[in-house]
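Asks: Supplied in structure tokens, the structure appears directly below.
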Amino acid sequence: MSVRTIAFNKPYGVLPCFTDPEGRPTLADYVSIPDVYAAGRLDQDSEGLMILTSDGVLAHRITDPQHKLPKVYLVQVERIPAEQAITQLSQGVVLAGKRTRPAQVVLLPNEPVLPERPVPIRFRKNVPTAWLEITIHEGMNRQVRRMTAAVGHPTLRLVRIAIGPVRLGNLSSGEWRVLRENDITTLTSRHSSSSPDG
């Protein structure tokens, strides 16, 4: 059986697995390819890029923090972060007694172009919001949300746009595409990296 690897744009509210005893939306509602599994998580209330594969070695390469594969997120937060908060996020914050690895954090000058979320973010009239681009090299549970909360800026919306060399691009929410061979080769190379912009 041939190995299959796809990029999937997970919508908000979809669980990052194929079955749910409670009947909530899952990957199975969008992906009908047999024998592929999620290489890593993306929480139900987060959106964006997931890689699904039938290749166990590739899945391990993507999820093992030893490989430091960069993952890039667009993050909408409450209030405008000051330079101190950006520095804290960049240098690492302590979560449950463990400091996160250094991250690349950019305060975006403009709101990114994204589709409307089916469930709007909570809106508070007198509280402005800002968008950050955050690149991390590990995958602690709900890490980005916990990082921004730790510096006083709770996450309102989170969209993953890249995993290593694989980018979300113009893939619409709920759609998937087969990964190109050179993307897979780069994912499995020892020094895979992704630029933190855009």
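Asks: Ordering H137, H153 by accessible area with a probe of 1.4 Å, largest first, what comes out? Could the numbers behind the result be given before it?
Replies: Details: H137 45, H153 20 Å².
Most to least solvent-accessible, the answer reads H137, H153.
Asks: A follow-up question, please. What is the Cα centroid distance between the range 115-146 and the range 25-60, reported in whole angstrom?
Replies: What the calculation gives is 21 Å, centre to centre.
Asks: How large is the helix-only mean residue ellipticity at 222 nm for the chain, computed as the sum of -39500 (n - 2.57) over DSSP H runs with n ≥ 4, divided by its residue count, in deg cm²/dmol to the nearest 500? Spell out each step's value before the answer.
Replies: Working: 4 runs with 33 residues, N = 198.
So the calculated ellipticity at 222 nm is -4500 deg cm²/dmol.
Asks: Could I ask something else about it? Taking the convex hull of the alpha carbon atoms in the range 100-150, what volume per residue do you get, in Å³?
Replies: Details: hull volume 6.5 nm³, N = 51.
Expressed per residue, the convex hull around the Cα atoms of the range 100-150 is 127 Å³.
Asks: Could I ask something else about it? Taking amide H positions as placed in the peptide plane 1.01 Å from N, state which residues far from R157 in sequence (5 or more) or on other chains have amide H under 5 Å from it.
Replies: Q76
Asks: Can you give me the three principal axis dimensions of the range 1-106 from its C-alpha atoms, in Å, biggest first?
Replies: Here the spans come out as 50, 30, 25 Å, largest first.
Asks: Tell me, in nm to one decimal, what length is gained between N141 and V94 on full extension, where the rule is 0.36 nm per residue of separation less the Cα-Cα distance? Walk me through the numbers before you get to the answer.
Replies: Numbers: separation 47, 0.36 × 47 = 16.92 nm, distance 1.34 nm.
Taking 0.36 nm per residue and subtracting the Cα distance, the gain is 15.6 nm.
Asks: Give me the mean projected area, in nm² to one decimal, of the convex hull enclosing the Cα positions of the range 92-194.
Replies: Numbers: hull surface 34.0 nm².
For the range 92-194, averaging the hull's shadow over all directions gives 8.5 nm².
Asks: Which of the lysines could be linked to K10 by a straight reach, that is with a Cα gap under 16 Å, when you skip same-chain ones fewer than 8 residues away?
Replies: The qualifying lysines are K71.
Asks: Now a separate question. Kindly report, to the nearest 10 Å², the accessible surface of K68 as traced by a 1.4 Å probe over protein heavy atoms only.
Replies: About 110 Å², ignoring ligands and nucleic acids.
Asks: Please report the accessible area of I80 (heavy atoms, 1.4 Å probe, ligands and nucleic acids excluded) in Å², nearest 10.
Replies: Accessible area, nearest 10 Å²: 100 Å².
Asks: Using Cα pairs closer than 8 Å and at least 6 residues apart in sequence, work out the relative contact order for the range 71-162, in percent.
Replies: Details: 148 pairs, mean separation 47.6, N = 92.
Across the range 71-162, relative contact order equals 52 percent.
Asks: Enter the accessible area of I121 (Å², nearest 10), with the probe set to 1.4 Å and all protein chains included.
Replies: Per-residue accessible area (I121): approximately 40 Å².
Asks: If you don't mind, there's one more thing I want to ask. Could you give the Stokes-Einstein D for the chain in µm² per second, using the C-alpha Kirkwood radius, 4 °C, 1.567 mPa s? Mind showing how you got there, number by number?
Replies: On the way: Rh = 17.4 Å.
D = 75 µm²/s.
The values are calculated or read from the model by the stated rules, or taken from the named source; none is laboratory data. Just so it is clear, the structure is predicted and the values come from calculations on it, not from any experiment. Ligands, DNA and RNA are stripped out before the accessible areas are found, and what is left, the full protein with its side chains, is counted by its heavy atoms. Shrake-Rupley method; radii C 1.70, N 1.55, O 1.52, S 1.80 Å.
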